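*Asks:* Below you'll find the structure I mean.
The values are calculated or read from the model by the stated rules, or taken from the named source; none is laboratory data. As the structure is a prediction and not an experimental result, all values here were calculated from the model. Neighbour counts run over all protein chains shown; Cβ positions are idealised from the backbone, glycine included. Ligands, DNA and RNA are excluded from the accessible area calculation, which covers all protein heavy atoms including side chains. Shrake-Rupley method; radii C 1.70, N 1.55, O 1.52, S 1.80 Å.
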Amino acid sequence: PVLVESLLVFIIVLSVHTVVWDRFSWCTVALAIQAFYVQFKWDRLLQLGGAVFQFRGAANSGLLPASMVMPLLGVVMKERCRAAGIVYFERFGIIVASTGMLLALFLSILAVGITKPVPTNTCILTGIAGSIIIYTMKHSLTVSEVIEVLEVLLIFVYLSMILLYLLPRCFTPGEALLVLGGVSFVLNQLIKRSLNVVEGRGDPIDFFLLVAVVGVVLLGLFFTVLFIFLDSGTWISSMFFHMMTAVLGLGVIMPWLYRLIQRNPLFWLLQFLFQTQTRLYLLVYWTFLAASACGVVFYQNAKRSSESKKHQASTITRKYFHFIVVATYVPGLIYDRQLLYVAAVLCLAVFIFLEYIRYFRIKPFGQTLRHLLSLFLDERDSGPLILTHIYLLLGMSLPVWLFPRSCAPKGTLPGAGALVPYSGVLAVGVGDTIASVFGSTMGEIKWPGTKKTFEGTMTAIFAQIIAVALILIFDSSVNLNSSYAWILASVSLVSLLEAYTTQIDNLLLPLYLQIMLMA
C-alpha cells in the first residue's frame, strides 16, 4: 500500500508539472524522490519506537504525500496569479512553495539524523535535494522573503516540540507536517501583517481567519501549560477557564482584530452576517442543519444500551455527518461564498473550543461531551484529542479559504479551476462518503493490501462525476471550457489515493484535488 500511495503521489506531481514547469519543478521532483526514501526511515523508526515523540499508530509516516502539499499548492497558486498579472500573490505563491519545501526537508533531515546506523544513500539523496532547493531559493527569493521562510521554519520547530510532546499519538509525522506547518505559516502571516498594518489594505475576512486560528491555538497552549499544575476537573478550575477565555478573547484577540480591520470586530461581524436577506436565509438553514447533527448525536447515544458500553457507531452512521456537511456547504458555495468563509471560521473556533472543554473536563459540559463523542471514535482517534470532526471541517473549508480570490477574474478561475472551492465537497463530502458506504455494504473485491474495495472506489468516482454535472447545472459561475478529461483524471487519482492512504483522508484528499484542479 505504501508503494502504491507513493506511486499515486508521483503521478500527481508529474501531472501538475506537465502543465506548470519552471525552476521550482526540479525542486519538487527532487523533494519527492528523497521524501520517498526518507519515508521508509520514518516508518522503521515508528515500528522500533525510536521516533523521539509518540506518533499515531496503525498508519505509516505519510511523509511523501504530506511533503508535496504545500510546494505544489504554492506552485499552482504562483502560476494562476502570474497569469492574472497579480505580482503580490505570485510572490506569495513562491513563498508558500519555498516554505513547504524547507519544512519537508527539515523533517527528512530529522529522520535521517536519528536513524542508526546512518543511512548513507538516503543522506546523499537528502543532500542533493537540499542543495537544489537552497540554490533555487537563493535565485528566486529576496532577502526579506528568505527571512520570512526561515521564521516559519523556526515557529514550526518550536511548535512541533511543544505540541508533539503535549499531545502524544495524535498525529503521524506527515499529519504533523501538514497541521503544524499550516499553523506556523498562519502565525507568521499574522505577525507580519500586524506589524505592517496599512488602513484599507487587505480583506477583513482574511484577517478574521488568521486571528481566529492563532487565537484558539494560543488559548489551547495556555491552558495546557496551566493545567499541568492544576486539576482541570474541579469547579474552581472550570470557573478560571471560562474567566480566562473571556479575558483573552476580549483583552487580546478582539483588540488584535480591531488593529487589523480598523473597526469594532463585533459590529463588523454582525453587520456582515445580516447584510442581505440571502445571508439571513442561509443562517436559518444552517442552524436547522446544526440542530439535526446534534439530534443524530443524541439519538445514537440514546440507542446505546447499558449492556453494550463498548458499542461504536457504524461507518454509515458516521457518514451521516458527511451528508449534513455537504448540505451545508453547497448552498453557501452557490449563493454566498464570503458568508461560508466566515461561518466556517466561526465553526472551526467553536469546534476547537468544545474540544478543549472535553479534553480538560471543564464543568458543566466536559464529562457530557466525553460521553457523547466516545460513540463516534475510530482507530484514528488514538490520542487524547478527538480530531476527526475538526479534520472534516478543515477538509471542506480549506479549498474555500485557500481559493486565490484576488487572482480570479469575476470570482472564479477558468476551466477546471472553477471547481476549486468545491474540492472538499467532491473529495470528502461525495467521494469519501460514497466509497465508505458502498464499499462497506456491497464491496467484495479488495484493493491489494488494504481494507478498501474496488466497488467503493469506482462508485466514488462515478458519484463525483455526477456531482460535477449537478454543479454545472445549479452554479452558473462554473464554466469548465471542455476540461472534462483533466477533471476525470483528477477525481480518479484522488479516489485511488483515498483507497491506499493511511493518513487522515478528510484533510489530505481535498488539498490534492484542489491542487489538480488549480493546475
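*Asks:* Work out the FRET efficiency for Asp231 and Val19 from their Cβ-Cβ distance, taking R0 = 45 Å, and round it to the nearest 0.05.
*Replies:* 0.20
*Asks:* In cubic angstrom, how much convex hull volume per residue do the alpha carbon atoms of the range 34-75 span?
*Replies:* That works out to 77 Å³ per residue.
*Asks:* While we're looking at this one, here's another question. Taking only C-alpha pairs under 8 Å that are 6+ residues apart, what is the relative contact order of the chain in percent?
*Replies:* Computed over the chain, the figure is 18 percent.
*Asks:* Could you give the radius of gyration (one decimal) and Dmax (whole number) of the Cα atoms in the chain, in Å?
*Replies:* Final numbers for Rg and Dmax: 22.4, 67 Å.
*Asks:* Enter the accessible area of Lys319 (Å², nearest 10), with the probe set to 1.4 Å and all protein chains included.
*Replies:* So the heavy atoms of Lys319 present about 20 Å² to solvent.
*Asks:* Which Cys in the chain stand alone, with every other cysteine's Cβ at 4.7 Å or more from theirs?
*Replies:* Lone cysteines by the Cβ rule: Cys27, Cys123, Cys170, Cys294, Cys347.
*Asks:* Let me know the volume per residue of the alpha-carbon convex hull for the range 116-236, in Å³.
*Replies:* Given the Cα convex hull of the range 116-236, per-residue volume reads 172 Å³.
*Asks:* Still on this structure: With the Cα gyration tensor of the range 452-497 in hand, convert its eigenvalues to equivalent ellipsoid semi-axes via √(5λ) and list them largest first in whole Å.
*Replies:* Semi-axis lengths for the range 452-497 are 22, 12, 6 Å.
*Asks:* Also, I was wondering about something else. Using r as the Cβ-Cβ distance of Tyr299 and Leu250, and R0 as 41 Å, what FRET efficiency do you calculate, to the nearest 0.05?
*Replies:* E between Tyr299 and Leu250, to the nearest 0.05, is 0.65.
*Asks:* Now, a different point. If the cut-off is 16 Å between C-alpha atoms, which aspartates and glutamates fall inside it for Lys116, apart from same-chain ones fewer than 8 positions away?
*Replies:* Within the straight-line limit of under 16 Å, Lys116 reaches these aspartates and glutamates: Asp43.
*Asks:* With the convex hull built on the Cα atoms of the range 1-198, state its orientation-averaged projected area in nm².
*Replies:* 11.5 nm²
*Asks:* While we're here: Given 0.36 nm per residue, what is the gain on full extension from Gln277 to Phe462 after removing their alpha carbon distance, in nm?
*Replies:* Separation in residues times 0.36 nm, less the Cα-Cα distance, equals 63.0 nm.
*Asks:* To continue, here is another question. Round to a whole number: what % of the accessible area of the range 1-198 belongs to carbon and sulfur, probe 1.4 Å?
*Replies:* Its accessible area is 71 percent carbon and sulfur atoms.
*Asks:* So if we plug the beta-carbon distance of Lys451 and Asn264 into 1/(1 + (r/R0)^6) with R0 = 41 Å, what FRET efficiency do we get, rounded to 0.05?
*Replies:* With a Förster radius of 41 Å, E is 0.20.
*Asks:* Please report Rg (one decimal) and Dmax (integer) in Å for the Cα set of the range 308-420.
*Replies:* Computed over the Cα atoms of the range 308-420, radius of gyration and Dmax are 17.1, 56 Å.
*Asks:* Continuing with this model, one more query. What does the accessible area per residue of the range 130-177 come to in Å², with a 1.4 Å probe and no ligands, DNA or RNA counted?
*Replies:* Counting only protein heavy atoms, the per-residue value for the range 130-177 is 48 Å².
*Asks:* Per q in 0.15, 0.20, 0.26, 0.32 Å⁻¹, report the Debye log10 I(q)/I(0) for the range 379-421, using one uniform scatterer on each alpha carbon and no solvent.
*Replies:* -0.51, -0.66, -0.87, -1.08
*Asks:* How much of the pair distance distribution for the range 62-110 lies past 18 Å, counting alpha-carbon pairs only, in percent?
*Replies:* Of all Cα-Cα pairs in the range 62-110, 32 percent lie more than 18 Å apart.
*Asks:* Using the Cα atoms as the points, what is the convex hull volume per residue of the range 219-294 in Å³?
*Replies:* 132 Å³
*Asks:* If ligands, DNA and RNA are left out, what is the accessible area of Tyr285 with a 1.4 Å probe, given in Å² to the nearest 10?
*Replies:* Surface open to solvent at Tyr285 totals about 80 Å².
*Asks:* Let me cross-check Glu379: its accessible surface, 1.4 Å probe, with only protein heavy atoms counted, in Å² to the nearest 10?
*Replies:* Probe radius 1.4 Å; accessible area of Glu379 about 130 Å².
*Asks:* Can you pull the percent of Cα pairs in the range 1-102 with separation above 16 Å?
*Replies:* Value for the range 1-102: 59 percent of Cα pairs lie more than 16 Å apart.
*Asks:* Pulled fully out, how much extra length does the chain show between Leu346 and Ile147, if you take 0.36 nm times their separation in residues and subtract their Cα-Cα distance?
*Replies:* 68.5 nm
*Asks:* Would you work out the charge dipole size for the range 1-198 about its Cα centre, treating the Cβ of every Lys and Arg as +1 and the Cβ of every Asp and Glu as -1, and quote it to the nearest 20 debye?
*Replies:* The calculated dipole for the range 1-198 is roughly 120 debye.
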